[in-house]
Amino acid sequence: MHKPAPLSRLLILLCIVATLLPGCAVTNRLFRDRAAEERAAALLQTQLAVMRFADEYTARVNAQVGVFQQATNDPGERLESQAWLVSQATAAFTIASGPNPELNAIDMLVFTTLSRMVIEDRWVGELYGARANGLLAEHRALETRIWDYARVLLTEAQTSELRSSIEAWHRRIRSAAPCRSSTSRTLRSPRARPAATPPRPPASSRSSASIRSATSIQRARAGAVAPTGQRAVYYGQRAPMLVSMEAQRLAFELAVAPESVRLIDSVARIGNAAQTTSVLAADLPNLLAAERAATIDQLTGILDERQGS
């Protein structure tokens, strides 16, 4: 039986390899494309979830601020609550329109937790007491929702680490002299450092560094960035709402300005004087009639006395 020469065997092997290699390349490319598509779909779902939460967050805080404002006649309290609403809505929409959906979710989680702490410590604990309980309950409910969603992105160990970091920062900030005012300034600009220098908050760039390194940075390099146009459209659609909130805040600020207060007092005094004048004019005929009757009676009495004498 004739055996194939070694050269023939080598040629056959090369032909088989040449036939299989293109198929392997196509298969690998298909798997890579499918993994990229699944990754993009997961990022899109995260982005949409954070955007929906930002809308819900703003709507629910707006409703409770409205309830608070209707229950008070103090212009200063209305201004304070409106400023809180503007800062909360601006921060929520800014976070939701960030470039990395996963980091947006972590930032939203930290922001929501810190906001609840401010309401609990300052609004209920210092300023307004039970009158701010409705706003506190709303913030607590929103905090629970965002922590429940964080389980999709974070492991139990990462969640525990982040909670511990936030609570540790909160304890330090409460022990500092300018604690609550500094906390409020931090929340007004969640992506920027506050003007003062209190203990640094547990921003995702610091307290959750291991979370970033373990998940988000590598995924960002793999394309974990939301489209700029989509984020711009999202924020642009909500910009008129922010403008309206800011306009109302300016109106409340005008109401508590010293010039406005003096003007309102002057208008009130003029109104009271006009009301008094109108009442006097309406009663003038009766007043004249009574005075005339009293004068006639007095003259009659004088004549009677003279005639009697």
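Where helices (runs of 4 or more DSSP H) sit wholly within segment 93-179, those with at least 2 residues that are touching a helix residue (DSSP H, G or I) at 6+ places or on another chain (Cβ under 6 Å) and at pLDDT below 95 occupy 101-118, 156-175. Applying a threshold of 8 Å to beta carbon distances and a minimum spacing of six or more residues, or different chains, the list of pairs starting in segment 122-145 at a residue that is more than 14 Å from Q88 (Cα to Cα) and open to solvent by less than 30 Å² (accessible area, probe 1.4 Å) and ending at one that is at pLDDT below 95 and of a type in the set (A, V, I, L, M) is empty.
I'd like to check something: does segment 103-116 contain any residue that is open to solvent by 20 Å² or more (accessible area, probe 1.4 Å) and over 23 Å from D148 (Cβ atoms)? No, the conditions are met nowhere in segment 103-116. Here segment 216-256 is the region considered, the condition is being modelled with pLDDT under 80 and among the basic types (K, R), and the residue that is surrounded by the fewest Cβ atoms within 10 Å (Cβ to Cβ) is R221.
The values are calculated or read from the model by the stated rules, or taken from the named source; none is laboratory data. This structure is a prediction, so every number in the text was calculated from the model and none was measured. Cβ atoms come from the backbone with ideal geometry, glycine included; neighbour counts cover every protein chain shown. Quick note on the areas: whole protein, heavy atoms, side chains included, nothing else; ligands and nucleic acids left out. Shrake-Rupley method; radii C 1.70, N 1.55, O 1.52, S 1.80 Å.
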